[in-house]
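In what follows, a single structure is set out as structure tokens and then discussed.
The values are calculated or read from the model by the stated rules, or taken from the named source; none is laboratory data. Source: prediction; values computed, not measured. Virtual Cβ from ideal backbone geometry, glycine too; neighbours counted across all protein chains shown.
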Amino acid sequence: MQDAPQFQSPHSIDLTETFDAIVVGSGAAGGMAAHALTVHGLRVLMLEAGRHVDTTKTLKSTEWPYEHPRQGYMPPDTYVLSNEDYKKHNPPYAKTFGRYTNVMNWQQWGEGPDYTKDLFVNEHEHPYTGTKFSWVRARALGGKTNVWGRLALRLSDYDFKAASRDGYGVDWPISYADVAPYYDKVDRYLGISGVVENLPWLPDSIYQRPMKLNDGEVHVREVLSRSGRVLTPFRLGVTTDGLQHNKYRHRCMGRGACQRRVGGCDIHAAFDSPTGLIYPAFDTGRLVVRPNSTVHEVTLDPKTNRATGVGFIDSESRKSYTAKAKVVVLGASTLESTRIMLNSKSRLYPEGIANSSGHLGRNLSEHVMGPRVEGFYKPRVGGERRNEDGRPGGFYIPRFQNLDAATRSKDFIRGFGLEGASGQEMFPEQAVLLPGFGRDYKRKVRDHAPATFYMYGLGEVLPRYENRVALDPKVKDTFGIPVLRFNYKHGDNEEKMCRAMTASMQEIFEASGLEITKVSGDRLVEGSSVHEVGTARMGADPKTSVLNPFLQSHDVRNLFVVDGAGFVSAGCQNPTWTILALAWRASDHLADELKKGNI
Ligand SMILES: Cc1cc2nc3c(=O)[nH]c(=O)nc-3n(C[C@H](O)[C@H](O)[C@H](O)COP(=O)(O)OP(=O)(O)OC[C@H]3O[C@@H](n4cnc5c(N)ncnc54)[C@H](O)[C@@H]3O)c2cc1C
Ligand code: SF4
């Protein structure tokens with residue numbers, strides 16, 4: 001495995017050059033754009049707000065808790081927001097915890113957050129306002145892909161054409177056939193592990209070796225198959241066989257840190273944007289990477305209605321700069337790209353660049369989650385101990401509602417999937433599920449360690465015009481850039497879906513003879529899924545959409561937005577594999593149009 005390359009110093013980057021493209025952000029979206037555009041021979045400047053953290057050195061995936069001075073926990077001046085904090089307080093969340101120097105999002109909760117603390121924003125410096133929203137923001141090269149949960153799923157025409165199926169909202173202007181070749185390219189280039197199931201509503205990928213289900217999971221798979229439902233190994237954005245074409249990544253060695261929250265993989269078997277996309281793009285000699293560069297606006301020539309580049313602030317020196325390019329590609333994550341656009345006001349676009357439709361910031365969507373059932377697979381109580389968290393994922397139960405007349409729900413439209421895992425983990429989480437104390441209790445904890453079994457649901461949040469972000473007229477971040485104000489709420493469909501998730505999970509446990517020790521039906525606060533999409537949606541009609549089907553602005557032809565902002569709806573599948581596929585498709589289109597002189 002090759003070490004991370006050294007990027008040139010910011011001072012040696014010639015900002016008088018007009019690049020072919022500027023890519024803003026370096027997560028799944030920005031990384032993919034940089035990869036695809038450099039393959040096309042374009043000279044690209046990547047501007048990333050965060051630092052270049054070498055995660056090969058910092059994640060320490062095999063370090064034991066006793067090898068770390070605080071067992072992996074953060075220093076005492078840091079506060080990690082809990083789900084309860086998000087429920088109890090309103091944004092900006094850091095204001096309640098002023099005595100801590102650093103306040104971090106809820107995903108930093110759990111074992112080992114000290115390894116990932118440099119990857120996320122300090123909420124004191126980056127506030128937001130409005131309604132409750134748990135907004136998890138990475139600020140480092142690679143963004144959230146450095147720690148993502150790796151569940152890599154495709155959307156299908158059940159999602160792209162959902163409006164035609166149930167009459168709610170609008171269809172995507174593209175169908176599965178448009179994206180399928182790009183999903184295939186992503187599978188082959190980045191590596192994905194899983195099992196072919198032939199489900200039309202959850203298309204298969206081109207898989208490398210799957211993770212093995214353990215005996216409890218195989219048992220539940222068999223029980224579910226009797227009612228036509230499926231339990232399949234996690235479809236993982238992880239290379240299990242290795243990738244000959246990538247010298248920065250190693251195949252999965254099943255070493256266990258995947259279960260440490262927040263995960264990350266220091267040998268990069270799990271896809272992350274730096275090793276999977278950015279370093280190989282850098283090696284072409286056509287990519288210039290400038291970390292510590294917070295973009296605050298897209299600059300526009302009002303005479304030509306063309307983007308000329310971006311304005312950015314050096315996150316360390318706090319000096320302002322501009323950079324120029326023939327095309328600007330935003331991939332700063334759904335809400336940050338939207339914020340940059342809203343902040344890019346001009347005479348032509350007083351409500352934000354490319355916002356003649358008034359849809360910018362609207363239709364915010366994500367996944368509703370919270371319901372969870374936990375318990376034990378009894379045949380393994382007192383059984384053999386195994387290294388079962390030495391695998392990067394557990395199992396997934398694909399959506400089984402609203403697929404046809406037989407599965408139609410009376411209560412809600414669209415669907416949810418169930419994620420879960422079971423067996424022995426390094427941290428004995430089952431301890432909190434068991435009653436008792438003393439010697440007997442300790443024996444019970446040891447005996448039950450191999451038998452744990454849990455599931456939780458993720459469901460589609462309906463896109464709603466009124467669910468939106470806008471700029472706060474008063475509050476600014478540490479760089480003086482206006483922040484987002486949320487006006488976003490889950491609705492009745494999401495509440496009903498949560499009830500159905502809880503009931504379905506209980507039913508699966510009971511039908512499989514699993515012991516239930518805990519049922520939680522509570523919905524987590526809005527935003528908790530970390531799967532925000534939809535605030536600059538694509539569409540055929542410029543009056544009701546911000547981007548065209550190639551993620552290109554209807555209004556400003558040389559502006560592209562390649563992250564989840566372009567989604568029309570969320571589906572119930574985790575979004576990253578689709579972001580990657582759509583960003584690749586958009587980048588191919590961009591390069592083609594540039595070559596033809598159309599942009
Ligand atoms: C703990 C966790 C688990 C997850 N699990 C899954 C999962 O199992 N499956 C799945 O599909 N998804 C999962 N996700 C979500 C996944 O990480 C995101 O969908 C994906 O990273 C989105 O890619 P992106 O490029 O749009 O945004 P990001 O990855 O957030 O990257 C955006 C980048 O832009 C930079 N940036 C922001 N603002 C600016 C600016 N103004 N100027 C310059 N740069 C800027 C940021 O610093 C960041 O590096 C998970 C996320 C987390 C945190
Ligand atoms: S189990 Fe595999 S993907 Fe997870 S940290 Fe270990 S090597 Fe990386």
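Out of curiosity, is Ser293 surrounded by 22 or more Cβ atoms within 10 Å (Cβ to Cβ) and polar (S, T, N, Q)? Criteria met by Ser293. Residues in the range 114-140 that are at pLDDT below 95 and buried (at least 21 other Cβ atoms within 10 Å of the Cβ): Tyr115, Thr116.
Under the condition of being surrounded by fewer than 24 Cβ atoms within 10 Å (Cβ to Cβ), farther than 16 Å from Thr56 by Cβ and within 10 Å of ligand 1 (Cβ to nearest atom), which residue from the range 245-290 is modelled with the highest pLDDT? For the range 245-290, the residue satisfying everything is Arg290.
Out of all the residues in the range 183-192, which are crowded, with 22+ Cβ neighbours inside 10 Å and touching a residue at least 60 places away in the same chain (Cβ under 8 Å)?
Of the residues in the range 183-192, the ones crowded, with 22+ Cβ neighbours inside 10 Å are 183, 186-187, 190-192.
Passing the criteria: Tyr183, Val186, Leu190, Gly191, Ile192.
Condition check ((1) more than 11 Å from ligand 1 (Cβ to nearest atom); (2) in contact (Cβ under 8 Å) with a residue 60 or more places away in the chain; (3) outside the structural domain of Asn574 (by TED's automatic domain parsing)) across all residues:
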{"residue": "Glu125", "(1), (2), (3)": "yes, yes, yes"}
{"residue": "Thr129", "(1), (2), (3)": "yes, yes, yes"}
{"residue": "Lys132", "(1), (2), (3)": "yes, yes, yes"}
{"residue": "Thr145", "(1), (2), (3)": "no, yes, no"}
{"residue": "Gly149", "(1), (2), (3)": "no, yes, no"}
{"residue": "Ala152", "(1), (2), (3)": "no, yes, no"}
{"residue": "Lys161", "(1), (2), (3)": "yes, no, no"}
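Determine whether Asp477 is at pLDDT 95 or above, in contact with a His (Cβ under 7 Å, 6 or more places away or on another chain) and under 13 Å from Tyr128 (Cα atoms). Yes, satisfied.
Take the residues in the range 525-549 that are among the acidic types (Asp, Glu) and out of contact with any Ser or Thr (no Cβ under 6 Å at 6 or more places or on another chain), then tell me which one is surrounded by the fewest Cβ atoms within 10 Å (Cβ to Cβ). Before you say what the answer is, go through the steps one by one.
Quick first cut of the range 525-549, residues among the acidic types (Asp, Glu) only: 526, 532, 541.
Next, from what is left, pick out any that are out of contact with any Ser or Thr (no Cβ under 6 Å at 6 or more places or on another chain): 526, 541.
On the way: Glu526: 23, Asp541: 11.
Filtering first and then ranking leaves Asp541.
Scanning the range 71-88 for residues that are over 18 Å from Glu111 (Cα atoms) and buried (at least 16 other Cβ atoms within 10 Å of the Cβ) yields a total of 2.
Selection within the range 330-384: residues that are over 25 Å from the mean Cα position of the chain (by Cα) and not in a loop (DSSP other than H, G, I, E, B). The member of this set that is farthest from ligand 2 (Cβ to nearest atom) is Lys378. Tell me whether the range 450-470 contains one or more residues that are within 30 Å of Glu316 (Cβ to Cβ) and surrounded by 15 or more Cβ atoms within 10 Å (Cβ to Cβ). Taking every residue of the range 450-470 in turn, at least one turns out to be within 30 Å of Glu316 (Cβ to Cβ) and surrounded by 15 or more Cβ atoms within 10 Å (Cβ to Cβ). Listed conditions (1) at pLDDT 95 or above; (2) in a strand (DSSP E or B) are all met by Lys496, apart from (2).
Across the range 141-176, what is the total count of residues that are at positive phi, more than 16 Å from ligand 2 (Cβ to nearest atom) and surrounded by 24 or more Cβ atoms within 10 Å (Cβ to Cβ)? Spell out the reasoning first.
So in the range 141-176, the residues at positive phi come out as 142-143, 150, 167, 169.
Keeping just the survivors that are more than 16 Å from ligand 2 (Cβ to nearest atom) gives 143, 167, 169.
This time we only want the ones that are surrounded by 24 or more Cβ atoms within 10 Å (Cβ to Cβ), so: 143.
So the count comes out to 1.
With respect to Arg255, determine if the residue is free of Cβ contacts under 8 Å to residues at least 40 places away in the same chain, of a type outside the set (Val, Ile, Thr) and within 16 Å of ligand 2 (Cβ to nearest atom). Answer is no for this residue. Inspect the range 220-231 for any residue being under 26 Å from Asn387 (Cβ atoms), within 13 Å of ligand 2 (Cβ to nearest atom), surrounded by 17 or more Cβ atoms within 10 Å (Cβ to Cβ) and within 24 Å of the chain's Cα centre (by Cα) and give the result as yes or no. So far as the range 220-231 goes, no, none of its residues is under 26 Å from Asn387 (Cβ atoms), within 13 Å of ligand 2 (Cβ to nearest atom), surrounded by 17 or more Cβ atoms within 10 Å (Cβ to Cβ) and within 24 Å of the chain's Cα centre (by Cα). For the range 269-317, taking the residues that are among the acidic types (Asp, Glu) and more than 16 Å from ligand 2 (Cβ to nearest atom), the one that is nearest to Val53 (Cα to Cα) is identified as Glu316.
Scan the range 13-20 and tell me whether some residue there is under 23 Å from His531 (Cα atoms), out of contact with any His (no Cβ under 6 Å at 6 or more places or on another chain), more than 16 Å from ligand 2 (Cβ to nearest atom) and modelled with pLDDT of 95 or more. No, every residue in the range 13-20 fails to be under 23 Å from His531 (Cα atoms), out of contact with any His (no Cβ under 6 Å at 6 or more places or on another chain), more than 16 Å from ligand 2 (Cβ to nearest atom) and modelled with pLDDT of 95 or more.
Considering Gly513, Gly527, Gly534, the condition of being away from ligand 1 (no atom under 16 Å from the Cβ), in contact (Cβ under 8 Å) with a residue 12 or more places away in the chain and farther than 24 Å from Thr308 by Cβ is satisfied by Gly513 alone. Among the residues of the range 550-570, at least one is crowded, with 24+ Cβ neighbours inside 10 Å, free of Cβ contacts under 8 Å to residues at least 60 places away in the same chain and among the aliphatic types (A, V, I, L, M).
Assigned to a helix (DSSP H, G or I) and under 19 Å from Ile508 (Cα atoms): is that true of Ala406 in this structure?
Numbers: assigned to a helix (DSSP H, G or I): yes; under 19 Å from Ile508 (Cα atoms): yes.
Judged against the criteria, Ala406 is a match.
Suppose we keep only residues that are among the β-branched types (Val, Ile, Thr) and in a strand (DSSP E or B) within the range 471-485. Which one would you say is surrounded by the fewest Cβ atoms within 10 Å (Cβ to Cβ)?
Filtering the range 471-485 for residues among the β-branched types (Val, Ile, Thr) gives 475, 478, 481, 483.
From what's left, in a strand (DSSP E or B): 475, 483.
Numbers: Val475: 16, Val483: 20.
Here the answer is Val475.
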